[in-house]
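Asks: What follows is a single structure, and I will ask about it in a moment.
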Amino acid sequence: MQNSSGAAAQLRRRAGRRGLSWKSDAAQESMKPEQEISETSSRTFDPGRAAERAEELFQGGWNCAESVFLAVHGQAGPGEAPVHLVTALGGGMGKKKTCGALTGGIVALGLAFGRRQPDEAAKKEAYARGAELYQDFRDRFGSVDCWQLTCHYQSAQEKKRGCSRLVRMAAERACALIAERRRNP
């Protein structure tokens, strides 16, 4: 059995091999949500640019969830984007279920609305913003289900164009929700 310092060292080595940063639990706990928000408060949020960037990323080989997350993180997130956390959400969680663009956008909302410790008010706020993005997406496209959104496309190229619309909207709206929070904390 490995002691806790040996396990931590192993995690740091694995993270380093993948080019990821790793912080101990103590370091993570020491970063307060207010600090993270203030790190991004001097940035200019441009939902239109987030939409453009998400489409560029999607056309460049990232999946739908990764593209949305990376585009929003580029405007709202501190440090390097942990994009590996959303890979499995692409393609409707790989099963043509809930749209990856939508789930990537909801994960990206955690950059501003996520919590670092149990806090009921923060959880309610995060749920409300996630529900808002979900409903906006559903209202605009008529569904949140990958299969329903893509089953009518006849070719891979046509599907890629159609999914680009979903990716753009999810990134733009997620970024707008984060920008609203910055304006009205």
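FYI, it's all coordinate maths here, none of it is from the lab. These figures come from a predicted structure and were not determined experimentally. Backbone-built Cβ (ideal geometry, glycine too); neighbour counts: all protein chains shown.
Asks: How long are the three semi-axes of the equivalent ellipsoid for the stretch 91-185, computed from the Cα gyration tensor as the root of 5 times each eigenvalue, in whole Å, largest first?
Replies: Numbers: eigenvalues 155, 34, 21 Å².
After diagonalising the Cα gyration tensor, the semi-axes are 28, 13, 10 Å.
Asks: Now for a different question. Note down the net charge around residue 184, summing +1 for each Lys or Arg and -1 for each Asp or Glu among other residues with Cβ under 13 Å from its Cβ. Can you show the working numbers first?
Replies: Details: positive: 129, 181, 182, 183; negative: 125, 180.
Around residue 184, the charge tally is +2.
Asks: Amide H of residue 98 versus every other amide H placed in the peptide plane: which residues, excluding those fewer than 5 positions away on the same chain, fall under 5 Å?
Replies: Excluding prolines and chain starts, which carry no amide H, the hits are 146.
Asks: Say each of residue 138 and residue 124 gets a label point 7 Å from the Cα, pointing the same way as Cα to Cβ; how far apart are those two points in nm?
Replies: In this crude label model, residue 138 to residue 124 measures out at 2.1 nm.
Asks: In addition: Can you figure out the FRET efficiency of residue 180 with residue 159, using R₀ = 41 Å and their beta-carbon distance, to the nearest 0.05?
Replies: Working: r = 32 Å, r/R0 = 0.77.
The computed FRET efficiency comes out at 0.80.
Asks: Which whole-Hz couplings ³J(HN,Hα) result when phi for each residue of the stretch 126-139 is put into the Karplus expression 6.51 cos²θ - 1.76 cosθ + 1.60, θ = phi - 60°, listed in order with x for Gly and Pro?
Replies: In residue order, the calculated couplings are 4, 4, 5, 5, x, 5, 5, 5, 4, 5, 4, 5, 4, 4 Hz.
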